[in-house]
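The values are calculated or read from the model by the stated rules, or taken from the named source; none is laboratory data. Here the structure is a predicted model, which means the values were calculated and not measured. So basically every Cβ, Gly included, is an ideal-geometry build from the backbone, and we count neighbours across all protein chains shown. Ligands, DNA and RNA are stripped out before the accessible areas are found, and what is left, the full protein with its side chains, is counted by its heavy atoms. Shrake-Rupley method; radii C 1.70, N 1.55, O 1.52, S 1.80 Å.
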Amino acid sequence: MWSDKQKEFYNEDFTTLASKSMEVNIRRKYVDFLVKILNENGLKQGGKKFLEIGCNEGIIMEMMQKNYPDSKFSGFDISDKHVEIAAKKGLNVFVGDAEKMNPEDKYDVIYGTAVLHHLNKMDKFLIDLRNYLNEDGILLFGPEPVHNNFVYIIWHSMRGFWNVEKGMLQMKKREIRKMLKENYSFSKIFTKGNAFAYAFKLTGAIWDFTRLSRLPIINDMYIIAKK
């Protein structure tokens, strides 16, 4: 799925432009909107089975569990180091490659954040996920950078691995929308101001992109689909 360079990046400790507390605030913003989308699209009752793709250290999974305490959560990530950290929190996680999925189970909700832009074949991945959803199951991904998200480009360029990003450069939003419409009973694409921008305000940092985050050029994209 990923190049050796990318695997190295995700398997080592790294310094980002954001502090740890800021990273958590970013993910909290993501979770708030994920929950809002799910609840508005019929997922208000508990007892569901969730699968998180690209669970990292389990930060988002923990937040999602608090919103759906009666549901069962599983997750996987390509980084064995991140999975080890998540497992120590008591989370049900395993090491796996998103483009070589072979789950033994089916799920009511499959979700992930910042996953799609890493994929070699995003369209095949989204279509194949139908096989792992229960009837009326929900697929939800976000946030994904739009093509001209300059905050995303600058951030990742400074990190030095922009060249390994793939998925979101392959398909335009209208192409994703068309593909989802052909393969799912319902689908919708949302855009929302970049959570990276909001996080600076939340942590009281000097940089404040909040006004800029309202512009479409630095929006994140969320995708929901139903089997």
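Among the residues of the range 102-120, those that are farther than 13 Å from residue 61 by Cα, in contact (Cβ under 8 Å) with a residue 40 or more places away in the chain and in a loop (DSSP other than H, G, I, E, B) comprise 103, 105, 106, 114, 115, 119, 120. The residues of the range 67-79 that are more than 18 Å from the chain's Cα centre (by Cα) and open to solvent by 40 Å² or more (accessible area, probe 1.4 Å), listed by number, are 69, 70, 72.
Within the range 80-90, the set of residues being open to solvent by 20 Å² or more (accessible area, probe 1.4 Å) and either at pLDDT below 90 or within 20 Å of residue 49 (Cα to Cα) (or both) comprises 80, 81, 87, 89, 90. Looking across the range 27-66, the residues that are open to solvent by less than 50 Å² (accessible area, probe 1.4 Å), outside any helix (DSSP H, G or I) and on the phi < 0 side of the Ramachandran plot come down to 41, 43, 46, 48, 50, 51, 52, 53, 55, 57. Taken across the range 123-130, residues that are outside any loop (DSSP other than H, G, I, E, B), free of Cβ contacts under 8 Å to residues at least 60 places away in the same chain, farther than 24 Å from residue 23 by Cβ and of a type in the set (A, V, I, L, M) do occur, with at least one present.
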